Amino acid sequence: MNLDLLTAKLKKEKLLSEIIYFKEIESTNFYAKKNYLKDDTLILTSIQTRGKGRFSRIWQSSADKDLTLTLIKHFNLRIDESHLVNFYTSYILFYTLKKIFSENDKMQFSLKWPNDIMLNGKKVAGILSEVSNLKSSFKKFIIGIGINVNSISFSEEINSRATSLFKESKIEINAEELLISFIKNFYLKINLITDKNKLMKEWVKDSIVDGKEIQFKKFDDDLEIKAYAVGVDNDGALILRLKNGEEKKFYSGEIGLIV
Ligand code: BTN
C-alpha cells in the first residue's frame, strides 16, 4: 500500500478528516466500534486477521493485494432507513468499478441483493455496515468495505463464488487509485442517500437477480427455499414469488444464484 501517495491525494481532496492505517489489524470495523473516531475517518489495513463478513462469517483477503477499509459517516436517518447506507455504498462502489473498467467488455459488474458487488457473476466486493448509536437521530455508520482487488486465489469453500478484479481482467490493479475514486464518488453523490426513490431506482437497474429463479436463505428462522425473484422495492426489500404463487417481502437473508 503506497500510503504516502494515498494520504497526499486524499488530503488534497479535503473529504476525509483522518486516515488511520494499520499494517495488520483484527478488523477495521471492530476497531471503529471500539474507538471514538471523528466523522469522515477512514480506517485502512493491509491485512485483517479476523475480517468480519455478513452473518458472522470470516471475510478473507490477501495481504497487500486487496482493499479492506472502514469509513465513519454520520447520517440523519431513521432506523427504518438505515439500510439506505448499504444500498448507497454498494451502488457507489459498483458505479466506481464500472467506470474504471468501462472500456473492458470482459468486466461485467452487477449488484446482488442486498449489498454484494458482482463481477462476471461472482462476488468481487462486500459491505458490512453497522450503526453505533441507534437512538440518536444523527446516526454513526461504520461502513466496512472489502474489495477483492489483486487476490489470485480463494479458499476452496468460496472459490466457485468469489473472484477478484485481477482474476477477471488479468491486469494488476492500482488499489490506491481505486480507493481514491471510490471516496471521491462517495462524497460527490452523497445527496442520493436522502432521495430513497432515486437511489433504489438506480440500484435496481443493475440488479443481477430480477426475473430469475434463485435459492434464498433466511438465517434467523432457518428458511431455505427456491423462489422467483420479482425485484427489490424502494424500502430495500427483496420480493420473492414462492412456489405456491404467493409474493413475499424479505428484509434480510442471502441469495444463491442458480446456474
Ligand atoms: C460481506 O460479507 O459481504 C461483507 C464483507 C465486509 C468486509 C469488510 S473488510 C473491511 C471491514 N472490516 C471487517 O471486518 N469487515 C469489513
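Please verify whether region 28-41 includes one or more residues that are among the hydrophobic types (A, V, I, L, M, F, W, C), within 23 Å of K14 (Cα to Cα) and touching a helix residue (DSSP H, G or I) at 6+ places or on another chain (Cβ under 8 Å).
As a first pass, look at region 28-41 and keep what is among the hydrophobic types (A, V, I, L, M, F, W, C): 30, 32, 37.
Right, trim to within 23 Å of K14 (Cα to Cα) and you get 32, 37.
Then keep just the ones that are touching a helix residue (DSSP H, G or I) at 6+ places or on another chain (Cβ under 8 Å); that gives none.
Within region 28-41, none of the residues are among the hydrophobic types (A, V, I, L, M, F, W, C), within 23 Å of K14 (Cα to Cα) and touching a helix residue (DSSP H, G or I) at 6+ places or on another chain (Cβ under 8 Å).
I'm told L119 meets every condition in (1) surrounded by 22 or more Cβ atoms within 10 Å (Cβ to Cβ); (2) over 12 Å from the mean Cα position of the chain (by Cα); (3) within 28 Å of S17 (Cα to Cα) except one. Can you identify the failing condition by its number?
It fails just one condition, (3).
Tell me yes or no: at least one residue of region 74-96 is in a strand (DSSP E or B), in contact (Cβ under 8 Å) with a residue 24 or more places away in the chain and not polar (S, T, N, Q).
Of the residues in region 74-96, the ones in a strand (DSSP E or B) are 74-76.
Add one more test, that the residue is in contact (Cβ under 8 Å) with a residue 24 or more places away in the chain, and what stays is 74-76.
If we keep only those that are not polar (S, T, N, Q) too, we end up with 74-75.
Yes.
Regarding E176, is this residue of a type outside the set (K, R) and in a loop (DSSP other than H, G, I, E, B)?
On the way: of a type outside the set (K, R): yes; in a loop (DSSP other than H, G, I, E, B): no.
The answer is no for E176.
In the set S160, S137, S153, S110, which member is closer than 25 Å to K34 by Cβ and more than 10 Å from the chain's Cα centre (by Cα)?
Being closer than 25 Å to K34 by Cβ and more than 10 Å from the chain's Cα centre (by Cα) holds for just one of S160, S137, S153, S110, which is S137.
For region 140-170, which residues satisfy the criterion of being away from the ligand (no atom under 15 Å from the Cβ) and either touching a strand residue (DSSP E or B) at 6+ places or on another chain (Cβ under 6 Å) or more than 14 Å from S62 (Cβ to Cβ) (or both)?
K140, E156, S160, E168, S169, K170
Could you list all residues from region 32-63 that are of a type in the set (F, W, Y) and either within 8 Å of the ligand (Cβ to nearest atom) or in contact with a strand residue (DSSP E or B) (Cβ under 6 Å, 6 or more places away or on another chain) (or both)? Break it down stepwise before answering.
The first filter runs over region 32-63 and keeps only residues of a type in the set (F, W, Y), leaving 36, 55, 59.
Passing the criteria: F55, W59.
Among the residues of region 230-250 satisfying the criterion of being at negative phi and in contact (Cβ under 8 Å) with a residue 40 or more places away in the chain, which is surrounded by the fewest Cβ atoms within 10 Å (Cβ to Cβ)? Full working, then the answer.
Quick first cut of region 230-250, residues at negative phi only: 230, 232-235, 237-244, 246-250.
Then drop every residue that is not in contact (Cβ under 8 Å) with a residue 40 or more places away in the chain, which leaves 232, 235, 238.
Values: V232: 21, D235: 13, L238: 24.
By that ranking, first place goes to D235.
Collect the residues in region 65-81 that are hydrophobic (A, V, I, L, M, F, W, C) and in contact with a Gly (Cβ under 9 Å, 6 or more places away or on another chain), keeping them in residue-number order.
Of region 65-81, the ones hydrophobic (A, V, I, L, M, F, W, C) are 67, 69, 71-72, 75, 77, 79.
Of everything in region 65-81, those that are hydrophobic (A, V, I, L, M, F, W, C) and in contact with a Gly (Cβ under 9 Å, 6 or more places away or on another chain) turn out to be L67, L69, L71.
Collect the residues in region 104-139 that are away from the ligand (no atom under 15 Å from the Cβ) and either free of Cβ contacts under 8 Å to residues at least 24 places away in the same chain or assigned to a loop (DSSP other than H, G, I, E, B) (or both), keeping them in residue-number order.
N104, D105, K106, M107, Q108, N120, G121, N133, L134, K135, S136, S137
Which one is surrounded by the fewest Cβ atoms within 10 Å (Cβ to Cβ), of the residues in region 37-80 that are among the small types (G, A, S) and closer than 19 Å to K23 by Cβ? Spell out the reasoning first.
At the first step, the residues of region 37-80 found to be among the small types (G, A, S) are 46, 51, 53, 56, 61-63.
Next, only the ones that are closer than 19 Å to K23 by Cβ stay: 46, 51, 61-63.
Numbers: S46: 20, G51: 24, S61: 21, S62: 17, A63: 14.
Taking the candidates together, the pick is A63.
Residues that are small (G, A, S) and over 20 Å from H83 (Cα atoms): which strands (runs of 3 or more DSSP E) entirely in region 201-259 hold 1 or more of them?
Numbers: elements: 212-218, 223-232, 238-241, 247-250, 254-257.
Per the criteria, 223-232, 254-257.
Values quoted throughout were computed directly from the atomic coordinates according to the rules given, and no laboratory measurement underlies them. In this text the structure is predicted, and so the values were computed from the model without any measurement. Please note: Cβ atoms are built from the backbone with ideal geometry, for glycine as well, and neighbour counts cover all protein chains shown.
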